[in-house]
Amino acid sequence: MSLTDVLELNKAELFAKIRDGLPVVQRTQNLLDCKDDLLFAWDAKDNCLLVRNWRSSLAADVKVKFQTLIPSSVVTLEVDRVLASNEGSLVALSGPRGVIIMELPRRWGPDGYYKDGKPMITCRTFGLDTQLFLNNPHLEVRQVRWHPHSVSDSTLLVLLNNNTIRVYNHSKLRHVWQVGPSVLRSGANNSLCDFGEVAVDFDIAPATKPRDTEPEIAGKNETTLDKSNKTLMAAKTLPKQERIEWPMVVLRENGNIYILMTGLDSEKTRLQGPITITPQAHDNYGLESCALMIIPSLPPTMVIAESNGKLHHALLMEAEATEHSFNEVDDFVLIEPAEYVVHVLETVELELGISASGTGEEGNVYHCPIYLKRDLINELRYFAYHNAGLHAVTVSFISELQRYLESESDEDRLELAASSRAEYILCTKFDSSETVNAVFGLALLQIPAGMVLLLGSGQVISLKLVIDAQLLVTSNENKPVGLDVSQQESGPSFVDTIKSLLQRSVNQPILADKLTSPSAQESYELLNQAIEVLREQYLKRHDLVRAAFARHINQIQLKKEQQLQEIQDLEQERELISERAHKLAERFEEISYNQELLVRKCNALMQKANASLPNSVVAEREFSQEVTRLNKVTQSLAAGLESAKKTLNKQRYHIAKSQEDLKKNAYELPEKQHRTITEILTQLTGEIDRQIVDVKRINKIVGV
């Protein structure tokens with residue numbers, strides 16, 4: 001497996017077929033696109049679209065075949081851009097002289113091919129405004145984008161060089177939005193083109209709610225009748241659901257930025273601009289602007305590219321108050337007060353090719369158009385490809401903005417200190433000649449993350465990508481914002497110091513094969529330049545890291561010696577403390593024994609003192625005599641009660657025995673005897689009850 005072709009696509013039949021039809025003119029194009037697990041490639045020789053399942057290439061011993069999608073109508077334009085729709089149902093084939101939309105067939109089968117793997121499929125295609133391009137030979141397509149809010153996945157926005165955006169739904173033209181003064185080209189460029197008033201790119205920002213206020217400028221030129229008619233028409237066409245507007249950010253060649261506020265199916269648009277850019281600069285942040293991209297962060301991040309290699313990172317924010325701007329040259333374009341401002345945070349300069357001589361003179365700086373492509377997996381990263389290769393740019397302040405917005409602490413402050421990183425992944429220009437090896441296609445793969453590049457030489461480069469470079473190191477996001485005083489005094493950690501020492505400003509990219517082999521002198525100069533970069537950016541930094549490790553080791557050894565000495569001192573202190581504790585324990589036991597003896601002596605003395613006290617108190621003697629008398633009375637009553645109980649028990653025994661005898665003999669006493677006995681027993685029972693009451697009363701008096 002090649003390190004620069006992990007998917008082994010150079011050997012694939014798909015790219016072997018399209019190598020013969022690659023354009024001769026070396027300029028940056030994008031003939032590749034990827035949607036899910038399908039890789040699309042345009043074959044310019046046969047004018048057909050080739051499709052391959054790139055994910056199947058990762059499986060071993062699996063023969064992957066490609067399918068050919070043949071357009072139903074003949075494609076006559078020169079295709080330089082392939083763009084699949086959001087849901088993958090349509091593919092836009094764009095060129096300077098027109099746009100063609102191809103409907104993709106359905107997928108079924110075990111491998112998910114179109115029409116169960118049929119090798120050739122005829123797909124329905126239709127051109128967009130072909131007659132318009134035939135009647136206007138100077139009309140060109142600048143940008144093509146699918147609308148993200150299209151329900152049917154079929155709304156396509158096309159930017160033309162006459163400052164218009166044409167909205168198509170399938171093959172039908174829905175709207176034509178004017179984004180600048182009308183540009184009518186004849187044999188030569190007019191003054192508008194000379195001043196850079198032509199739109200070169202546009203992108204769609206996140207949706208917003210429309211404001212209720214009407215534009216003041218429009219109100220000045222309208223009568224009361226016109227306003228009332230517009231109000232009635234708006235009330236009829238107003239849907240019940242909440243309306244939203246999509247800000248379309250338009251970039252002109254001179255660096256001016258305009259915003260077109262409109263809905264997806266809205267005829268009425270509001271053009272605002274030029275948007276105020278802060279902080280102000282003499283060159284308005286680029287007089288050779290060529291590309292624009294919006295990253296849907298909060299607030300949205302805007303990337304403006306120039307053909308000299310500069311990338312401006314800015315924030316698109318709502319203005320506190322609407323700002324008025326001057327009117328355009330064209331009287332038919334109405335400019336409203338701007339509701340947004342653009343604040344540039346940083347500028348990143350890309351290295352467009354490696355100079356073999358290493359001189360880097362300002363006059364020898366290479367200029368070429370730069371194209372931008374967002375990374376859908378990692379929103380902090382995007383890619384810039386051009387005639388000199390490919391760069392991966394990581395925007396660091398987006399993560400700081402997210403952390404600040406998610407923080408619930410009122411004391412948290414927003415500090416955008418980290419600068420963005422631009423990594424030169426692929427270099428295709430490493431000599432001073434005019435020949436280039438442009439990027440003809442860039443496709444970003446997902447799950448697993450990767451990329452596929454098609455170069456003008458026919459070489460295919462497939463690389464694996466790290467989803468997020470922060471996953472390779474320990475994350476510092478979980479650290480508390482407010483550090484302790486000790487942590488603040490200690491300074492940065494050793495790991496952070498090593499990372500800062502290893503941070504390179506220039507890296508050594510992959511050098512792609514060129515169409516013509518360089519001369520021996522150029523190869524020697526390139527080798528010297530690579531060795532110089534290796535020494536300055538790699539070996540020198542490793543030497544600095546080694547010296548930092550040596551200093552760190554010496555500090556650790558010194559601290560270790562100091563800590564060992566402190567441990568010995570602490571051991572001696574512990575022995576002394578142990579001896580003192582043993583002596584104190586013995587002293588404590590002795591004191592405790594003496595205290596116990598003293599307590600016993602005190603108790604004995606108290607008993608003797610109580611015994612020797614005088615006992616001739618009259619009240620106490622009378623009380624004791626009364627207690628003695630009551631004790632005797634109680635004892636006599638208890639003896640009488642006991643004898644009464646015995647008598648009662650005897651009587652009960654005799655009664656029970658007599659009853660048994662009566663039962664046995666069945667003898668009944670005469671009535672007179674029975675009555676006499678009953679009275680006697682009743683008297684005895686009453687007497688016994690009286691005695692019991694007396695005993696209880698005496699016991700209560702005595703307190704027994």
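Name the one entry in Val633, Val599 that is in contact (Cβ under 8 Å) with a residue 60 or more places away in the chain and aliphatic (A, V, I, L, M).
On the way: Val599 fails: in contact (Cβ under 8 Å) with a residue 60 or more places away in the chain.
Residue meeting the stated conditions: Val633.
Working only within the range 442-471, note down all residues that are small (Gly, Ala, Ser), assigned to a strand (DSSP E or B) and touching an Asp or Glu at 6+ places or on another chain (Cβ under 8 Å).
Those that are small (Gly, Ala, Ser), assigned to a strand (DSSP E or B) and touching an Asp or Glu at 6+ places or on another chain (Cβ under 8 Å): Ala443, Ser462.
For Leu156, work out the one condition from (1) among the hydrophobic types (A, V, I, L, M, F, W, C); (2) under 21 Å from Glu103 (Cβ atoms); (3) open to solvent by 60 Å² or more (accessible area, probe 1.4 Å); (4) part of a strand (DSSP E or B) it doesn't fulfil.
All conditions are met except number (3).
Pick from the range 332-370 the residues that are closer than 30 Å to Lys268 by Cβ, touching a Leu at 6+ places or on another chain (Cβ under 8 Å) and modelled with pLDDT under 85: which of them is most open to solvent (accessible area, probe 1.4 Å)?
Top of the filtered list is Leu334.
Quick check on Gly273: is it modelled with pLDDT of 85 or more and in contact with a Ser or Thr (Cβ under 9 Å, 6 or more places away or on another chain)? Walk me through how you get there before you give the answer.
Details: modelled with pLDDT of 85 or more: no; in contact with a Ser or Thr (Cβ under 9 Å, 6 or more places away or on another chain): yes.
When the stated conditions are applied, Gly273 does not pass them.
Scan the range 301-311 and give yes if some residue there is of a type in the set (Lys, Arg) and either open to solvent by less than 30 Å² (accessible area, probe 1.4 Å) or at pLDDT below 90 (or both), otherwise no.
Within the range 301-311, not a single residue is of a type in the set (Lys, Arg) and either open to solvent by less than 30 Å² (accessible area, probe 1.4 Å) or at pLDDT below 90 (or both).
Do the conditions hold for Arg403, that is, is it open to solvent by 20 Å² or more (accessible area, probe 1.4 Å) and at pLDDT 85 or above?
No: the conditions fail for Arg403.
Looking at the range 13-25 only, could you name the residues that are within 22 Å of Gln446 (Cβ to Cβ) and without any contact (Cβ under 8 Å) to a residue 60 or more places away in the chain? Give the steps one after another, and end with the answer.
Narrowing the range 13-25 to residues within 22 Å of Gln446 (Cβ to Cβ): 14-15.
Passing the criteria: only Leu14.
Any residue at all in the range 111-127 that is open to solvent by 90 Å² or more (accessible area, probe 1.4 Å), part of a loop (DSSP other than H, G, I, E, B) and of a type in the set (Val, Ile, Thr)?
Within the range 111-127, not a single residue is open to solvent by 90 Å² or more (accessible area, probe 1.4 Å), part of a loop (DSSP other than H, G, I, E, B) and of a type in the set (Val, Ile, Thr).
Looking at the range 11-46, which of its residues are open to solvent by 50 Å² or more (accessible area, probe 1.4 Å) and not in a helix (DSSP H, G or I)?
Scanning the range 11-46 gives Lys11, Val24, Val25, Arg27, Asp36, Lys45, Asp46.
Consider the range 255-283. How many of its residues are surrounded by 15 or more Cβ atoms within 10 Å (Cβ to Cβ) and over 30 Å from Ser152 (Cβ atoms)?
Here the count works out to 8.
So Ala469 ticks every box in (1) modelled with pLDDT under 80; (2) over 30 Å from Phe40 (Cα atoms) but one. Which box is left unticked?
Tallying (1) modelled with pLDDT under 80; (2) over 30 Å from Phe40 (Cα atoms), Ala469 fails exactly one: (2).
In the set Leu558, Leu526, which member is touching a strand residue (DSSP E or B) at 6+ places or on another chain (Cβ under 9 Å) and not aromatic (Phe, Trp, Tyr)?
Working: Leu558 fails: touching a strand residue (DSSP E or B) at 6+ places or on another chain (Cβ under 9 Å).
The unique qualifying residue is Leu526.
Can you tell me which residues in the range 550-595 are over 28 Å from Thr497 (Cβ atoms) and of a type in the set (A, V, I, L, M)?
Passing the criteria: Ile567, Leu570, Leu576, Ile577, Ala581, Leu584, Ala585, Ile591.
The values are calculated or read from the model by the stated rules, or taken from the named source; none is laboratory data. Since this is a predicted model, take the numbers as computed values, not measurements. Virtual Cβ from ideal backbone geometry, glycine too; neighbours counted across all protein chains shown. Accessible surface areas use protein heavy atoms only, side chains included; no ligands, DNA or RNA. Shrake-Rupley method; radii C 1.70, N 1.55, O 1.52, S 1.80 Å.
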